[in-house]
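Trainee: My questions will all concern the structure given below.
What follows is calculated from the coordinates using simple rules that are stated; it is not laboratory data. Note that the structure is predicted; figures quoted are calculated from it, not measured. Because the Cβ atoms are built from the backbone with ideal geometry, glycine has one as well, and the counts that use them run over all protein chains shown.
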Amino acid sequence: MSRRPVNPSRGSGLFSSSKSKSSPVLSVGLIVLGGLFLVFYLHKGSGGSGSRLESVNRVEGEYLCTDEVQRAIPILQKAYGDNLHKVLHVGPDTCYVVSKLLKEEETEAWGVEPYDIEDADSNCKALIRRGIVRVADIKFPLPYRPKSFSLVIVSDALDFLSPRYLNKTLPDLARVSGDGIVIFTGLPGNQKAKVADVSKFGRAAKMRSSSWWVKFFQQINLEENEAATKKFEQASKQGSYVPRCQIFHLKSLS
């Protein structure tokens, strides 16, 4: 998230008074303090998974389903068990989800960022250099062999696609998954389209209803994974987990 830099020449009060003369010691102290604050901020922004994403949510007043994926990982582990050991996550800010998954024992994770990363932190850049995360337009077939991953998790990406591209993208995601797909989408009326969305994603997010999605899955011959849905609901109840996004569990293509 970009922040507007502060212009000290336009400040007011203690730091902009032209009539008061600060001592050299005070000036040096302020410079050192400012430098320490900057180092702390940069370290916090690049170190952990989800710190920047959660900050964006609080500042912009929105709730992203990519953040929901991170909350749901313990529930997904109970629902999918061994099938969660080789995961592909697809969606904006995938670096944070992948970083979270890689911290889990015996879990391999990869990510696909569907949009250009303008302000990626050092952790995300390292994942891209290592080939763990790649930037790719999901409107086109992904460069993976069939059933390359046991589970494919998608968040926030499908809300920006028209039905024309969903017809191609969803079957391709089912192609590269071996044991199923988990889709996290926004709730209707839960998010507001912004000009920034259109400029970055090409169109505003479309929050579709559960009935719309179910009908669409049927049209492209994707079946609900009833066993995984039931296990996920049971684990959610046991863990007092209440989703803030719509979650769909689908079978892979046979």
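Trainee: HN-Hα J couplings of the stretch 229-235 from phi, Karplus 6.51/-1.76/1.60, θ = phi - 60°, integer Hz, Gly and Pro as x?
Mentor: For the stretch 229-235, the Karplus curve yields 4, 5, 5, 5, 5, 5, 5 Hz.
Trainee: Okay, moving on. Would you kindly derive the ³J(HN,Hα) couplings of the stretch 74-79 from the backbone phi angles with the Karplus curve 6.51 cos²θ - 1.76 cosθ + 1.60 (θ = phi - 60°), listing them in order in whole Hz, with x for Gly and Pro?
Mentor: The phi angles translate into x, 6, 5, 4, 6, 6 Hz.
Trainee: Measuring from label point to label point, each 7 Å out along Cα→Cβ, what is the SER210 to ARG145 span in nm?
Mentor: For the pair SER210/ARG145, the computed spacing is 3.9 nm.
Trainee: Another one. Taking 7 Å along the Cα-to-C-beta vector as the label spot, tell me the GLN218-ASP119 distance in nanometres, rounded to one decimal.
Mentor: 4.3
Trainee: Related question: When only alpha-carbon atoms are used, what values of Rg and Dmax, in angstrom, describe the stretch 130-183?
Mentor: Reported Rg and Dmax, both Å: 10.9, 33.
Trainee: Another question, if that's okay. Starting from the amide H of ILE153, placed 1.01 Å from N in the peptide plane, find each other amide H under 5 Å away whose residue is 5 or more places distant or on another chain.
Mentor: HN-HN under 5 Å from ILE153: LEU88, HIS89, VAL90, VAL182.
Trainee: Taking the Cβ-Cβ separation of GLU226 and ASP82 as r and a Förster radius of 22 Å, what is the calculated FRET efficiency to the nearest 0.05?
Mentor: 0.70
Trainee: Count the lysine pairs in the stretch 72-194 whose Cα atoms lie under 24 Å apart, taking only pairs 8 or more positions apart in sequence or on different chains.
Mentor: 20
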